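Asker: Dropping the structure in here first, questions after.
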Amino acid sequence: MSQPPLIKPEIPSGTLIDNRYIIQQLLGQGGLGRTYLAFDTRRFNEACVLKEFAPIGTGGGGLEKCRNLFKREAKILHQLEHPQIPRFLACFEGDGRLFLVQEYVNGKTYSALLRDRQLQGQTFTEQEVIKWLKYLLPVLEYIHQHHIIHRDISPDNIMLPEGNILPVLIDFGVGKQIADLNDVTSSNQATFVGKMSLVGKVGYAPREQISLGLCSPSSDLYALGVTAVVLLTGKDPSFLMDQYSLEWKWRFYTYVSDGFAQILDKMLSDTPRHRYQTSQEVLRDLELLGRPQTASSSTMFDVPPTILTPDSQTTVTIAQSPNSDLDETVLSKPLSQQAFPHQQTSRHPQTHQNQQTQQTNQNPQTSRHPQTYQGRSSYQNQPTNQNQQQITSLNAAFVQRCQDALAFYIGPMASLIVEDTLADNPQVTPYQFVELLAREIPESEAALEFTRRLFS
């Protein structure tokens, strides 16, 4: 009988990681590892979040697949640039652990905010929750347009930064993807710190996600609906659902207008096709609340739900039989193509902002709508066929020099960015190549310095 794997010890305060990040304190520990507050010594000791994943007790092949999937998803998250999503900064491996580095959000989770309210005998009001939904739904629309399903929306994973009214969505599913992969590559069930056996939180994730491993945009909307009724009632989801009929009874614990209640009930439908299929549909109905309906206008709940066609269906099967072999053809694709096989990954520029500016100085009335984001600049008019051999006119030594210079500014992500840029632009000129790489550097002065170093 095999022995259970040893759990990696907690990293003590003051430890220097990757010769760059100084651990300050443990922020939390979850099913897949630990989260630390750290200071980035190469960015004037700027605070950041260091997330540790520890895939131990896995065979060499399984561990290598974990690494590959981890890096692929890290590349996708690196593309996200939205004021209500913490910036993804870097990923690297050390001491048998995988690390993600993200922007630090100084604030409170909505679970903590709800506890503060309950100490005063209060919960969130209907108008507060409606406004909260209007702030968050565009964020979900943005990530869904980029073919990413959050899969773990709850009051613990939504924060309110100090000095801001815009909620921030945190804790995307990089580690959860690795956990799913491990489930089908190893018979050992405790191969991660604390091993997360389920996809999403029980009570918040819909039944098809918990039981079948199926995720789609409507799965996130369901979890957002559960979070909304928890904020309204102050009750755990287990108290808001009949244990025998599995029907929601949240209306017994709070009063809201009938129109808003119908919106929440549709978000909470047990049948995926009866739910809202897009965030835009929910926003549309929220905007119609309180407005008089005319014979010519579409009524809020007479509009049939959007049914995704086979070519646009975004449901992705995550769970597999524990005895089945891992599908190498699926793993060889980027994460977005695993979840959305009929669509191409959209890329967009990074409009880097100072963390303090994002959290304290942003005007909520002028926050960017996710639909204004465009694809990352490319010197190709047509996407490159990934089955064709990539040919670049750049000298290998020059490419390596660029990668080393870029790593000085953005860390270990440099190798992934260089690889991705060459794949997207095989015939790029040296000047164009450097220009594309410079756009990945947050500070404009540093980007200019990077360019000068390479052409001096």
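The values are calculated or read from the model by the stated rules, or taken from the named source; none is laboratory data. Remember, predicted model here, so these are calculated numbers, not experimental data. For neighbour counting, all protein chains shown are included, and Cβ atoms are generated from backbone atoms with ideal geometry for every residue, glycine included.
Asker: Among the listed residues R453, R368, identify the single one that is modelled with pLDDT under 50, out of contact with any strand residue (DSSP E or B) (no Cβ under 8 Å at 6 or more places or on another chain), among the basic types (K, R) and surrounded by fewer than 16 Cβ atoms within 10 Å (Cβ to Cβ).
Answerer: It is R368.
Asker: Between V101, V105, V129, which is on the phi < 0 side of the Ramachandran plot, aliphatic (A, V, I, L, M) and assigned to a loop (DSSP other than H, G, I, E, B)?
Answerer: Details: V101 fails: assigned to a loop (DSSP other than H, G, I, E, B); V129 fails: assigned to a loop (DSSP other than H, G, I, E, B).
Of the residues listed, the single one that is on the phi < 0 side of the Ramachandran plot, aliphatic (A, V, I, L, M) and assigned to a loop (DSSP other than H, G, I, E, B) is V105.
Asker: Out of region 15-72, which residues are modelled with pLDDT under 70, of a type outside the set (V, I, T) and part of a loop (DSSP other than H, G, I, E, B)?
Answerer: Hits for region 15-72 are G31, L32, A54, P55, G57, G59.
Asker: Keeping to region 221-240, report how many residues are without any contact (Cβ under 8 Å) to a residue 40 or more places away in the chain, part of a helix (DSSP H, G or I) and either outside the structural domain of E128 (by TED's automatic domain parsing) or closer than 21 Å to R151 by Cβ (or both).
Answerer: The total comes to 3.
Asker: Same structure again: Please find, among T185, T123, the residue that is touching a helix residue (DSSP H, G or I) at 6+ places or on another chain (Cβ under 7 Å), modelled with pLDDT of 95 or more and part of a loop (DSSP other than H, G, I, E, B).
Answerer: On the way: T185 fails: modelled with pLDDT of 95 or more.
T123 is the lone residue from the list that is touching a helix residue (DSSP H, G or I) at 6+ places or on another chain (Cβ under 7 Å), modelled with pLDDT of 95 or more and part of a loop (DSSP other than H, G, I, E, B).
Asker: What is the one condition in (1) buried (at least 23 other Cβ atoms within 10 Å of the Cβ); (2) at pLDDT below 95 that V168 does not satisfy?
Answerer: Of the numbered conditions (1) buried (at least 23 other Cβ atoms within 10 Å of the Cβ); (2) at pLDDT below 95, the odd one out for V168 is (2).
One line per residue, one yes/no per condition, for (1) in a loop (DSSP other than H, G, I, E, B); (2) polar (S, T, N, Q); (3) in contact with a helix residue (DSSP H, G or I) (Cβ under 6 Å, 6 or more places away or on another chain):
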site: I417; (1), (2), (3): no, no, no
site: A423; (1), (2), (3): no, no, no
site: P426; (1), (2), (3): yes, no, no
site: L436; (1), (2), (3): no, no, yes
site: E440; (1), (2), (3): yes, no, yes
site: A446; (1), (2), (3): no, no, yes
site: F450; (1), (2), (3): no, no, yes
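Asker: Determine whether region 91-109 contains at least one residue that is closer than 24 Å to P442 by Cα, touching a Gly at 6+ places or on another chain (Cβ under 8 Å) and surrounded by fewer than 21 Cβ atoms within 10 Å (Cβ to Cβ).
Answerer: Checked against the condition, which is being closer than 24 Å to P442 by Cα, touching a Gly at 6+ places or on another chain (Cβ under 8 Å) and surrounded by fewer than 21 Cβ atoms within 10 Å (Cβ to Cβ), region 91-109 yields at least one hit.
Asker: Still on this structure, I have one more. Of all residues in region 137-168, count the ones that are part of a helix (DSSP H, G or I) and more than 24 Å from T35 (Cα to Cα).
Answerer: 6
Asker: From the list A407, A397, which residue is at pLDDT below 85 and in a helix (DSSP H, G or I)?
Answerer: Details: A397 fails: at pLDDT below 85.
Within the list A407, A397, the selection yields A407.
Asker: If you check Q243, Q209, which single one turns out to be free of Cβ contacts under 8 Å to residues at least 12 places away in the same chain and either in contact with a strand residue (DSSP E or B) (Cβ under 6 Å, 6 or more places away or on another chain) or assigned to a loop (DSSP other than H, G, I, E, B) (or both)?
Answerer: Of the residues listed, the single one that is free of Cβ contacts under 8 Å to residues at least 12 places away in the same chain and either in contact with a strand residue (DSSP E or B) (Cβ under 6 Å, 6 or more places away or on another chain) or assigned to a loop (DSSP other than H, G, I, E, B) (or both) is Q243.
Asker: Shifting gears a bit: Which is of a type in the set (G, A, S) and surrounded by fewer than 21 Cβ atoms within 10 Å (Cβ to Cβ), of G225, G234?
Answerer: Answer to the selection: G234.
Asker: Moving on. Return the residues of region 423-440 that are crowded, with 19+ Cβ neighbours inside 10 Å and without any contact (Cβ under 8 Å) to a residue 60 or more places away in the chain; say none if nothing qualifies.
Answerer: Residues satisfying the conditions are N425, V428, F433, V434, L436, L437, A438.
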